[in-house]
Amino acid sequence: MEWKAHELNTGFEWQPTRGPYRRITQQQAESYNERGFFLFEDAFDADTVAEIVAEIDPFEAQAEAFLRTREDGKLFISRADEITFAPLLVSRSERLRAFCSGEVFRDLVHDLVGPDVRLYWDQSVYKKPGTRDPFPWHQDNGYTYLEPQQYLTCWVALTDTDESNGCPWVLPKIHHRGTLEHRMSDLGWVCADDPPGAVPLPVRAGSIAVFSSLTPHATGPNTSDSIRKSYIVQFAPDGAAIITRDEGGSLVETPAADAGHQFEILQGGRSPDAATLGNAT
């Protein structure tokens, strides 16, 4: 299959993660470097998952209700009674803000991103029963182009998910190419159609599908009788910038440091509070 690079992707070189590691194993690190993903099982217990679901459900209900007020039931990639995206929840929930800056994610970003890291994006994604359309193949950096291109996506399963209800599928090793050219479809941005070598990634509730922002992934239909619930949390190096073009075609860099949701997770390898206390002593 022929892969074309995104117009802004020039001279990309994958930066492998190296130990020592706080949370992941050497095998997981090798999978991330070589294949672009790994499964981090049982990251959160059932009580934590239940708390997060209870926190997210009302926001998702608001998103669904809004979609139903629209004539076509759609807003960008959200579709009423099919798939809903509720973004930037940390800006509205202290519980989710604490979750995203907790020890599990601090350790993961230390191991996979670096010593100075910010939350980049968070959103719930609920895929409803009977949703027949897959969510198309894309890279996360194909939606909004970030530099450096290489950042971290954590796909947290809030319900058990497999091929029957829309688990993630991933394409190994393509992340080494950097950001690919994408085109817009009715379902979202697309970088590939039915590519060979795709791997399903079933994820139990409380586990995380961990992959690079450059790993092409998709999710299948939900043929079950229950909602598939997930929470997507992304982290980028401090100093990362969103690259866009203005009306004249010139490149514009916007720091990914919005105080409302792109807050610090690690500063010098420690939580910001601990780093501040250390500097004061």
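Taken together, the values in this text are just the output of simple stated rules run on the coordinates, not laboratory data. In this text, all values refer to a predicted model and were calculated from it rather than measured experimentally. Note: ideal-geometry Cβ built from the backbone for every residue, glycine included; neighbour counts use all protein chains shown.
Here are some notes:
- Given charges at Cβ of Lys, Arg, Asp, Glu: the chain dipole, positive-most of THR17, LEU152, SER78: THR17
- Cβ-placed point charges (K, R +1; D, E -1), dipole of the chain about Cα centre in debye, nearest 20: 160 debye
- Estimated 222 nm signal from helices in the chain, with DSSP H stretches of n ≥ 4 weighted -39500 (n - 2.57), rounded to 500: -6500 deg cm²/dmol
- Translational diffusion of the chain, µm² s⁻¹ [Kirkwood Rh, Cα pairs; Stokes-Einstein; 37 °C; 0.692 mPa s]: 170 µm²/s
- Shape of the range 166-281, Cα gyration tensor, a/c cut at 1.5: oblate
- Candidates GLY36, GLY249, GLY188, ranked by Gaussian network fluctuation over the chain, Cα under 10 Å, top entry: GLY249
- Only lysine pairs 8 or more places apart, or on different chains, with alpha-carbon atoms under 25 angstrom apart are counted in the range 35-280, and they number 5.
- By the beta-carbon count within 10 Å of each Cβ, the least crowded to most crowded order of SER91, SER226, fewest first, is SER226, SER91.
- Burial ordering of THR254, THR161, fewest other beta-carbon atoms within 10 Å first: THR254, THR161
- When LEU8, LEU108 are sorted by how many other C-beta atoms sit within 10 angstrom of their C-beta, beginning with the fewest, the order is LEU8, LEU108.
- Contact order, relative form, for the chain: 28 percent (alpha carbon pairs under 8 Å, 6 or more residues apart, mean separation divided by residue count).
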